[in-house]
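A.B. asks: My questions will all concern the structure given below.
Values in this text are rule-based calculations from the coordinates and carry no lab data. Just so it is clear, the model here is predicted, and its values are computed rather than measured. Note: ideal-geometry Cβ built from the backbone for every residue, glycine included; neighbour counts use all protein chains shown.
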Amino acid sequence: MKFIDTHSHLYSKQFNDDRSQVVKDAINNGIHKILLPNISSKHTKGMNNLCQEFPKNCFPMMGLHPCDVKEKNCAAELKHVQEELKKGKYIAVGEIGIDLYWDKSTLEIQKEAFIAQIKIAKKLQLPIVIHVRDSFKEVIKIVEKLNDTNLRGVFHCFTLGYKEAQRIINLTDFYLGIGGVITFKNSGLDKTIRQINLKNIILETDSPYLAPTPYRGKRNESKNLAIIANKLAEIYECSVEEIAKITTENATSLFKI
């Protein structure tokens with residue numbers, strides 16, 4: 001039984017003391033591949049170092065996170081993204097998108113950076129990994145407008161309702177990234193997921209964030225993907241093996257790994 005954690009920031013400072021062991025623990029718990037979305041240029045080296053240490057298990061993405069989109073450095077950061085993607089070693093353009101939880105004042109420049117990175121992904125025929133926080137209306141409008149046969153991806157950390165899920169599924173080649181929130185008692189996400197075919201879902205942890213119950217509030221790790229899978233097996237009334245099989249097939253198809 002093998003899983004793919006499609007979204008994990010194991011290169012972040014929260015893992016400075018035990019990073020290698022955290023990866024090994026994940027592998028020992030059946031998570032044989034861990035996909036690493038980038039945040040900004042300051043994280044690129046650490047992310048790539050981890051992928052070099054575990055070349056069969058860790059796979060890098062390249063992108064500028066919306067929370068790191070600032071007017072003074074946006075052009076330089078996008079140039080960094082383009083230059084890195086030319087190297088051809090990245091499996092996706094991400095983490096990109098729009099975040100209106102932390103700073104609404106940068107909406108327009110966030111849109112510009114998002115659109116620019118979508119266009120890069122389409123040109124390179126790479127999937128996109130989308131960050132959506134308090135911004136589904138803005139994000140889906142852009143993605144629907146730019147969507148064509150060259151665009152595919154995942155709405156990372158999906159926590160919304162059936163109507164929003166259906167708009168994503170209607171894009172044809174997009175998935176819902178499901179993580180620890182599915183285990184939260186009052187999230188209501190389980191009610192939405194019951195209405196969604198498993199073929200539209202991939203698994204993620206978003207480590208070190210959003211640890212599933214019973215570790216909520218603590219540092220998340222990729223090994224906790226097994227808890228998320230068990231919750232989905234409960235929701236779908238199927239075996240964990242079936243969850244592993246289908247979500248791994250979905251992730252493999254999307255990221256071509």
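A.B. asks: Given the condition of a type in the set (D, E, K, R) and in contact with an Asp or Glu (Cβ under 6 Å, 6 or more places away or on another chain), answer yes or no: does some residue in the stretch 128-144 qualify? Step through it out loud before you land on a result.
C.D. replies: Our first condition is that a residue be of a type in the set (D, E, K, R); within the stretch 128-144, this holds for 133-134, 137-138, 141, 144.
When the remaining residues are screened for being in contact with an Asp or Glu (Cβ under 6 Å, 6 or more places away or on another chain), the result is 133.
Among the residues of the stretch 128-144, at least one is of a type in the set (D, E, K, R) and in contact with an Asp or Glu (Cβ under 6 Å, 6 or more places away or on another chain), which makes the answer yes.
A.B. asks: Could you tell me whether the stretch 46-64 includes any residue that is in a loop (DSSP other than H, G, I, E, B), surrounded by fewer than 18 Cβ atoms within 10 Å (Cβ to Cβ) and touching a residue at least 60 places away in the same chain (Cβ under 8 Å)?
C.D. replies: no
A.B. asks: Okay, moving on. What number of residues within the stretch 215-230 satisfy the criterion of being assigned to a loop (DSSP other than H, G, I, E, B) and under 24 Å from Gly161 (Cα atoms)? Lay out the reasoning, then the answer.
C.D. replies: Going residue by residue through the stretch 215-230, those that are assigned to a loop (DSSP other than H, G, I, E, B) are 215-221.
Retained after the next criterion (residues that are under 24 Å from Gly161 (Cα atoms)): 216-217.
Matching residues across the stretch 215-230 total 2.
A.B. asks: Sticking with this structure for a sec: I'm trying to understand the selection: among the residues of the stretch 175-191, which are in contact with a Ser or Thr (Cβ under 9 Å, 6 or more places away or on another chain), more than 20 Å from Ala244 (Cβ to Cβ) and polar (S, T, N, Q)?
C.D. replies: Listed by number, the list holds a single entry, Ser187.
A.B. asks: Regarding the stretch 95-108, can at least one residue be identified that is surrounded by 15 or more Cβ atoms within 10 Å (Cβ to Cβ), on the phi > 0 side of the Ramachandran plot and touching a strand residue (DSSP E or B) at 6+ places or on another chain (Cβ under 8 Å)?
C.D. replies: Scanning the stretch 95-108 turns up at least one residue that is surrounded by 15 or more Cβ atoms within 10 Å (Cβ to Cβ), on the phi > 0 side of the Ramachandran plot and touching a strand residue (DSSP E or B) at 6+ places or on another chain (Cβ under 8 Å).
A.B. asks: Let me ask something else about it. Of all residues being among the small types (Gly, Ala, Ser) and more than 12 Å from the chain's Cα centre (by Cα) in the stretch 203-224, which is surrounded by the most Cβ atoms within 10 Å (Cβ to Cβ)? Just the residue, please.
C.D. replies: Residues of the stretch 203-224 among the small types (Gly, Ala, Ser): 207, 211, 217, 222.
With the extra rule that they be more than 12 Å from the chain's Cα centre (by Cα), the set shrinks to 211, 217, 222.
On the way: Ala211: 21, Gly217: 9, Ser222: 30.
Within the stretch 203-224, the match that is surrounded by the most Cβ atoms within 10 Å (Cβ to Cβ) is Ser222.
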